[in-house]
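Engineer: One structure coming up, written as structure tokens, with questions to follow.
Since every read-out is calculated from the coordinates, none of them should be taken as a lab result. As the structure is a computational prediction, the values presented were derived from the model and not from experiment. A quick note on method: Cβ atoms are made from the backbone with ideal geometry, for glycine too, and the neighbour counts reach across all protein chains shown.
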Ligand SMILES: O=C(CO)COP(=O)(O)O
């Protein structure tokens, strides 16, 4: 199962903590991680395998949205920073819409991401 992880700069430290806390789930054999570029670099630094897309502002969110639309990415954990603005806001909104269109679980904050992963741990 392919899961996408994305974190805005203001949430990257929280994302790294989250990844460390959930390493035992994320390292399961049938889970494949993808991430936007800079986020992916941080995930790799923790020692977890991840496929890196482009950085968010360069189209990484759009690439992930395409994978959701194609049925490849089955869950999106998005550590969104609601207190900063982003030049690629249209891409971010597009990703959120595409998840809704395809009924793909999308977390936009850490608490939801945690619940999704715990739910997943029950079934994988
Ligand atoms: O901007 C992002 C998501 O909208 C994240 O991109 P990076 O992981 O490359 O910082």
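Engineer: Pulled fully out, how much extra length does the chain show between residue 23 and residue 114, if you take 0.36 nm times their separation in residues and subtract their Cα-Cα distance?
Structural biologist: Fully extending the segment from residue 23 to residue 114 adds 31.6 nm.
Engineer: Extending each Cα 7 Å along its Cβ direction at residue 102 and residue 72, get the distance between those two points in nm, one decimal.
Structural biologist: Rounded to a tenth, the inter-label distance reads 0.9 nm.
Engineer: Can you give the Rg to Rh ratio for the chain, taking only C-alpha atoms and Rh from Kirkwood?
Structural biologist: Numbers: Rg = 13.0 Å, Rh = 14.1 Å.
The Rg/Rh ratio comes out at 0.92.
Engineer: Moving to a separate point now. Go ahead and estimate [θ] at 222 nm for the chain from helices alone: -39,500 (n - 2.57) per DSSP H run with n ≥ 4, summed, over the residue count, rounded to 500. Intermediate results must be reported in sequence, preceding the final value.
Structural biologist: Numbers: 6 runs with 60 residues, N = 124.
That comes out to -14000 deg cm²/dmol.
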